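Novice: Mind having a look at this structure? Questions to follow.
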Amino acid sequence: MTELAADGVPVAVTCRVLKLARQPYYRWLANPITDAELVAAYRANALFDAHRDDPEFGYRFLLDEARDAGEAMAERTAWRICRDNGWWSAFGKRRRGKGRRPGPPVHDDLVRREFTADAPNQLWLSDITEHKTGEGTLYLCAIKDVFSNRIVGYSISDRMKARLAVDAVANAVARRGNVAGCVLHTDRGSQTGLNRSSQHQLVRWTLSAR
């Protein structure tokens, strides 16, 4: 807009064509955005995009995603931006008093500590393991059928994200076909949309065939 004004195009005409009010433009012209503010905005956008895609991630995981998107910053900077905008993990620590957030939903105990099955696709177990390689860390999510004691589905990724567990379940369902009524027993890890700090607590999911 400044360039158009320099070329002789009135600001009023430009604002009318762009459907913009003149007052905000003049306020911006008097106090333009600094380079530091622009960098901070790009960093915040990258962190917000990561938080929107994986709301269970804490600021350290969000920082990794932002760096992968090309927005490098210090860990303290990422923490400050997340703090100022309230972008905390959906399953973070409980806060006392007012403003206390509810914890993750508690699912019915369908297994009742009876880890046995009379037929295939009645009870599956799942876990995620970390493997160090010469090219970095890989994460493996495996699904095991309790009846056959065989791995029926898995997924591998260099990122420990929710998609890792989702892909493993999808792989198992695709291989086994109709698994309606099957119970998936897993710990409360963040990769399955649950709380990593409570992995000793267990949840159960009922799967429906797609």
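Just so it is clear, none of the values below were taken in a lab; they were calculated from the coordinates. None of the values given here were measured: they were computed from a predicted structure. Please note: Cβ atoms are built from the backbone with ideal geometry, for glycine as well, and neighbour counts cover all protein chains shown.
Novice: How charged is the neighbourhood of A12? Take every other residue with its Cβ under 14 Å from the Cβ of A12, and add Lys/Arg as +1 and Asp/Glu as -1.
Specialist: Summing Lys/Arg as +1 and Asp/Glu as -1 gives +3.
Novice: Follow-up. Please report, for the Cα atoms of region 20-90, the Rg to one decimal and the Dmax as a whole number; what are they, in angstrom?
Specialist: Expressed in Å, the Cα Rg and Dmax of region 20-90 come to 14.5, 42.
Novice: Grab the Cα-Cα distance for L29 and H131, subtract it from 0.36 nm times how many residues apart they are, and report the gain in nm with one decimal.
Specialist: Taking L29 through H131 to full extension adds about 31.3 nm, to one decimal.
Novice: Fewest first, what order do E130, E71 take by the number of other Cβ atoms within 10 Å? The partial results should precede the final answer.
Specialist: Values: E130 9, E71 19.
Arranged by neighbour count, lowest to highest, E130, E71 become E130, E71.
Novice: Round to the nearest 0.05 the FRET efficiency obtained for D158 and W79 when R0 = 30 Å and r is the Cβ-Cβ distance.
Specialist: Rounded to the nearest 0.05, the efficiency is 0.80.
Novice: May I pose another question? Sum up the charges of everything whose Cβ sits under 14 Å from the Cβ of L47, counting Lys and Arg as +1 and Asp and Glu as -1, but leave L47 out.
Specialist: For residues surrounding L47, the net value is -2.
Novice: Sticking with this structure for a sec: Please find the FRET efficiency linking N149 to A170, where r is the Cβ-Cβ separation and R0 is fixed at 22 Å, and quote it to the nearest 0.05.
Specialist: Efficiency, rounded to the nearest 0.05: 0.55.
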